[in-house]
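First the structure, in the form of structure tokens, and then the observations on it.
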Amino acid sequence: MLPWFGTITSRENYVSSLADAKYEDIVIAKRKLMASVSQSYYNLYANKAKQEVLTENIKLLETYETLALTSVEVGKASAVDVLRLQMRQNEMQQLKDVLQQQFLAEQTNFNNLLNRDNDVTVNVVDSLMIPSEDFDITSENLALHPELLKYDKLYQSIEQSELLNQKESSPMIGFGLDYINVAERPNMDFSDNGKDIVMPMVSVSIPIFNKKYKSQTKQNELQQQEITAQKQERLNALETLLDKAINERISARISYATQTKNLKQAKDAEDILIKSYETGTIDFNDVLDIQELQLKFQINQIESIRTYYVQSTIINYLTQ
């Protein structure tokens with residue numbers, strides 16, 4: 001039996017359309033991997049930057065501790081002030097030790113994303129700055145995102161499935177030979193006695209009960225409607241994700257500018273405290289307050305930088 005003309009071609013086109021849809025899964029996986037590697041790298045940078053900030057603040061507190069010890073000797077400060085400064089140093093050292101362990105965990109994650117040994121050392125840049133201007137965002141590229149193109153390919157595969165279904169509902173043509181072995185009959189004399197029989201045969205198979213194919217057509221129509229709805233839902237989700245990333249990146253820029261201004265003012269307050277010590281008066285409670293604020297502003301500044309670049313990674317994933 002031979003299928004109707006074009007049935008084999010339709011079957012090949014259907015399988016090829018399924019392969020095209022699967023290929024989009026590979027493209028999506030690559031994009032997600034690139035985004036994950038980038039985000040992990042920025043997490044490593046933020047962790048390292050925070051450790052450096054803590055180291056600087058610990059050294060600053062050691063300087064204040066020396067000033068406090070000198071003030072204790074001349075009766076201008078109490079031993080409690082020295083103990084407070086030492087306890088604050090201990091807290092910072094604890095935070096730094098915790099960050100070091102978190103860095104190792106994130107480093108393992110980064111290496112696993114790159115499919116290499118967990119203990120490979122990851123070197124990050126010393127400093128990152130938020131650029132003065134953001135790169136252009138082409139939101140029209142979102143319509144060409146692989147996560148959406150996949151639905152287009154799936155829709156096309158259903159179209160090819162329907163074409164194949166129509167071909168399979170067509171008649172089938174059969175060709176063949178029927179061979180019969182004939183034994184020679186004794187005591188009979190005629191020209192074809194014992195001659196084998198060969199009969200060429202042609203047949204046509206016409207499907208009469210075609211409910212199977214009609215139901216498949218209806219199923220294909222419903223699947224196309226489902227794919228269209230899923231694509232629209234995913235498009236809405238990606239648009240929301242893009243808009244959220246853009247807004248959070250703007251917020252990160254605003255936060256960075258605010259923390260920079262606050263940090264400058266904290267430095268000015270620190271200078272005032274140093275000058276106060278030169279005149280013979282210093283309040284070490286103010287020292288701890290200013291130092292705590294300064295650390296807070298520095299940490300927030302680092303977080304703003306990390307957020308800016310992480311959100312840029314998401315924007316790149318959606319639009320590039």
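For the residue pairs LYS76/LYS275; LYS167/LYS212; LYS244/LYS264; LYS167/LYS211; LYS167/LYS214, alpha carbon separations beyond 20 Å are given by LYS244/LYS264. Here the extension length gained between ASN187 and MET87 equals 23.4 nm, from 0.36 nm per residue of separation less the Cα-Cα distance. For a modelled paramagnetic label at VAL202, 7 Å from Cα along Cα-to-Cβ, the residues of the stretch 171-187 in reach, with backbone nitrogen under 20 Å, are 171-179.
Can you tell me the length gained on complete extension of the stretch ASN300 to ASN285, counting 0.36 nm per residue apart and subtracting the Cα distance? Don't skip to the end; give the middle numbers.
Numbers: separation 15, 0.36 × 15 = 5.40 nm, distance 2.27 nm.
Contour length minus the Cα-Cα distance gives 3.1 nm.
Distance between the 7 Å Cα→Cβ label points at GLN101 and ALA79: 3.3 nm. Fully extending the segment from LYS214 to THR138 would add 22.9 nm, taking 0.36 nm per residue of separation and subtracting the current Cα-Cα distance. Peptides 180-187, 205-212, 165-172, 230-237 ranked from most to least packed give 165-172, 230-237, 205-212, 180-187, packing being the mean of other C-beta atoms within 10 angstrom over each peptide's residues. FRET efficiency for the GLU292 to LYS32 pair, using the beta carbon distance and R₀ = 35 Å, is estimated at 0.35.
Annotation for the stretch 240-302 versus the stretch 144-168: alpha-carbon center distance of 56 Å.
We did not get these values from a lab; they are worked out from the coordinates using the rules stated. No experiment lies behind these values; they were computed from the predicted model shown. For neighbour counting, all protein chains shown are included, and Cβ atoms are generated from backbone atoms with ideal geometry for every residue, glycine included.
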